[in-house]
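Written out below as structure tokens is the structure these notes cover.
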Amino acid sequence: MILDEPFSSTAEFLAALSTLSVAIGDEAVWFRGHAKSTYKLLPSLARDPKALERESLLSKRFKQNAYPFRQSPPQSEWEWLFLMQHFGIPTRLLDWTESPLVALYFAVNDPDPSHEASDANIWALLPAKYNFEVPRLRPSVSVDVPCFGVDKALDDYRPDQIALEAMSNKLPVAAIAHRQNERIMAQLGVFTIMHRDMTPIEDLAPQFLARLTIPAAAKPQLRNELSALRVTQMTLFPELTSVATITKDLLK
């Protein structure tokens, strides 16, 4: 299902999405934006051998020091994992979104200025079909995807469980989560989670993915168009830090 069509404006992007919609029918689609086209569909933990080796240490140290700063500390290993993800600790989670415009925002807004000269990508995933054919999850309702903390099929993907089962090796799963903070809600966040298999998702299941390319030269125009559509830092990161950033932009 991979397409590699370039687009340079939001109008062209919407046209490409329309073509994709015709091809897949009423299937749910998840999106992810990459500011650099060479990036793989791998979670942050898999990109750093040291982080993968020290996953348990990272978790314990984060819990040790984060606890006093939470009025309502996490009540489960999943809640701790999502809190770590929220604050940039490498985890087995890979962020996706149900909104193509959110994915586009992340594809053209990268804090690393060295990526400005690189082409970007938008990935589209069919989560239900992916789960059915790759990790072979077979829900009673074919369009369903599992939910963290609800479906036992995901329990084996908890980092503390993986550490106990040295011989197990499962493929990544697409899953939803309780949107427990404003950021996940604003970004319509959904996720894939890795087990021990380090194969990028595009190599595991190209038939359930589509890819659209953004030429590097188109990034400034796309940022301007997203701003006009009010897809901004403040709408996707509804926090005081974003309010301050948007306010300071008035001085430019």
**Study point:** ASN169-LYS50 pseudo-label distance in nm [points 7 Å out on the Cα-to-Cβ vector]
**Key:** 2.6
**Study point:** Charge context of ARG211, other residues only, Cβ under 14 angstrom, K/R +1, D/E -1
**Key:** -2
Check your understanding: Extent of the stretch 1-46 along each principal axis, from alpha carbon coordinates, in Å, largest to smallest?
Key -> 35, 26, 15
Check your understanding: What per residue convex hull volume, in Å³, do the alpha-carbon atoms of the stretch 16-90 yield?
Key -> 159
Exercise for review: Any chance you could count the Lys pairs in the chain whose alpha carbons are under 25 Å apart, treating pairs 8 or more apart or on different chains as valid?
Suggested key: 17
Review point. Just how far, in whole angstrom, is the stretch 165-229 from the stretch 115-142 if you go by their alpha carbon centroids?
Key: 8
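What does the highest-first list of 80-92, 15-27, 108-120 look like by mean Cβ count within 10 Å?
Answer by packing, highest mean first, reads 80-92, 108-120, 15-27.
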Revision key, fill the gap. Given unit charges at Cβ for Lys, Arg (+) and Asp, Glu (-), the dipole magnitude of the chain about its Cα centre in debye, nearest 20, is 620
Study note, to complete from the structure: Residue-ordered couplings for the stretch 170-175, obtained by feeding phi - 60° into the Karplus form 6.51 cos²θ - 1.76 cosθ + 1.60 and rounding to whole Hz (Gly and Pro as x), are 10, 8, x, 10, 8, 8
Revision key, fill the gap. Checking PRO49, PRO172, PRO206 against a Gaussian network model of the chain (alpha-carbon springs below 10 Å), the top fluctuating residue turns out to be PRO49
Check your understanding: Of ASN181, ALA205, VAL150, which is farthest along the charge dipole of the stretch 144-227 in the positive direction, counting Lys and Arg as +1 and Asp and Glu as -1 at C-beta?
Key -> ASN181
Review point. Cα extents of the chain along the three principal axes, largest first, in whole Å?
Key: 49, 44, 32
Check your understanding: Taking the C-alpha atoms of the stretch 160-252, how large are the radius of gyration and the largest Cα-Cα span, Dmax, in Å?
Key -> 18.9, 57
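Quick note: the coordinates plus some simple rules give every number you see, no bench work behind them. Quick caveat, the model's predicted, so the values are computed rather than measured. Cβ coordinates were reconstructed from backbone atoms using ideal geometry, including for glycine residues, and neighbour counts include every protein chain displayed.
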